[in-house]
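Here the structure is laid out as structure tokens; the discussion comes afterwards.
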Amino acid sequence: MSRLLCLIVLSLGLMQTATADENNDRMSAYLTQKFGLAKEKAQKISDAVQSAASKYSLPPALLLAIISIESRFKEKAKGANGATGLMQVVPGAHRGLLRNVKDLTEPTANIEAGSAILYGYMRSANGDMNAALKSYGGSQAYAQKVSLRVEDFADVAGPQDIASHPDAQAGMCEADRCPAPGNWADAFTIPVDNAAGVNGAAAPRSASPAAPH
């Protein structure tokens, strides 16, 4: 009986691995077709998105939507205030978070960092993804734009992306029940509502002129 159970568990694991590989292949092919990415680059981004999505309990389609808006999948993209890479992360706004990151133009590092930042905003907002997106992009309009863009990626992000629409993420976790952020625990030590500087100055921004991520 124990041997049979082991075989069942092993089979399920292989099925999940195969499904993940299929999702990555589908996602990679879409990025190549839609955005003209080289296959190797598309595969690297797909792998990084799936990894970060799993680590931070974020829908892959959501991360893809943000990347498409922020950089159109150009890993060397530069924006206001030093915003860098696929998710337009601003080094000056997150020095503690990025202290071990050598190159923000590297897709895996950038997607990991951007996902950690978004995750931190979600925790600060008690699991409200709409509020997290507003904090990440600097406005409700940005959150709505991402919400609409998610639809473009819902079909290619994989069946595990059960909450492909940002609104569906609202209330998915409470601040004390969201999954642990691992090595990025210091990403957010200041509540979102109190993110202004001690002298009343605006908090550092990290992407386009209206984007404080």
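Readers should treat all values here as calculations from the given coordinates under stated rules, not as data from a laboratory. Computed from a prediction, not measured in an experiment: that's the story for all the values here. Glycine also receives a Cβ, built like all others from the backbone with ideal geometry; neighbour counts cover every protein chain displayed.
The table that follows gives values for the structure above.
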item: Failed item, numbered, when residue 72 is tested on (1) buried (at least 18 other Cβ atoms within 10 Å of the Cβ); (2) under 28 Å from residue 130 (Cα atoms); result: (1)
item: Criterion: of a type in the set (Val, Ile, Thr) and outside any helix (DSSP H, G or I) - qualifying residue of 156, 150; result: 156
item: Unmet criterion (only one of (1) over 26 Å from residue 127 (Cβ atoms); (2) touching a residue at least 24 places away in the same chain (Cβ under 8 Å); (3) of a type in the set (Gly, Ala, Ser)) for residue 96; result: (1)
item: Checklist (1) touching a Ser or Thr at 6+ places or on another chain (Cβ under 7 Å); (2) of a type outside the set (D, E, K, R); (3) more than 23 Å from residue 51 (Cβ to Cβ) applied to residue 140, failing item; result: (1)
item: Count of residues meeting criterion [within 25 Å of residue 33 (Cα to Cα) and not in a loop (DSSP other than H, G, I, E, B)] in the range 64-103; result: 9
